[in-house]
Amino acid sequence: MTEPAGRRRAQLRPDGVVVNTTVWMPAPADEDRGVRGIDLFVRSDADQLTLLVALIDRGELSVDVAERVQLTELPALHARAAEGALHGKVVVLPAAA
């Protein structure tokens, strides 16, 4: 796998998929291990977000979240990710008002 300068090698699972929303930097792939890289274009679209929320509310769409952390824990979360110790989706919660 060829990596752009400055990019840390991700811990890619065999036969997995890396989805990237930072389209100016291509998603990493590793053909030898069967890992595909997908660049996903994301736009701010209130109507689309409303549809996604409705699908979740009706139980037709689910997002598997591994953990939730407070915004103040973000540095530690990044450190865990850099160590390869972060698995699954994480929701970062804003500080309580």
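The values are calculated or read from the model by the stated rules, or taken from the named source; none is laboratory data. Please read all numbers here as calculations on a predicted model, not as lab measurements. Counting neighbours? That spans all protein chains shown, and the Cβs are built from the backbone with ideal geometry, glycine included. Note: areas computed on protein heavy atoms with side chains; ligands, DNA, RNA excluded. Shrake-Rupley method; radii C 1.70, N 1.55, O 1.52, S 1.80 Å.
Take region 83-97 and flag every residue that is within 23 Å of Asn20 (Cβ to Cβ) and either modelled with pLDDT of 85 or more or in contact with a Lys or Arg (Cβ under 6 Å, 6 or more places away or on another chain) (or both). If the condition is that a residue be within 23 Å of Asn20 (Cβ to Cβ) and either modelled with pLDDT of 85 or more or in contact with a Lys or Arg (Cβ under 6 Å, 6 or more places away or on another chain) (or both), then Leu86, Val90, Val91, Val92 are the ones that fit. Looking across Val63, Val69, Val91, Val42, one residue alone is at negative phi, open to solvent by 100 Å² or more (accessible area, probe 1.4 Å) and of a type in the set (A, V, I, L, M, F, W, C). It is Val42. The set of residues in region 35-56 that are under 21 Å from Leu86 (Cα atoms) and either modelled with pLDDT under 80 or not in a strand (DSSP E or B) (or both) is empty. Taken together, the criteria exclude Arg80 from residues that are at pLDDT 85 or above, among the charged types (D, E, K, R), open to solvent by 50 Å² or more (accessible area, probe 1.4 Å) and touching a strand residue (DSSP E or B) at 6+ places or on another chain (Cβ under 7 Å).
Of everything listed in (1) open to solvent by 80 Å² or more (accessible area, probe 1.4 Å); (2) aliphatic (A, V, I, L, M); (3) under 12 Å from the mean Cα position of the chain (by Cα), the single unmet condition for Leu51 is (3).
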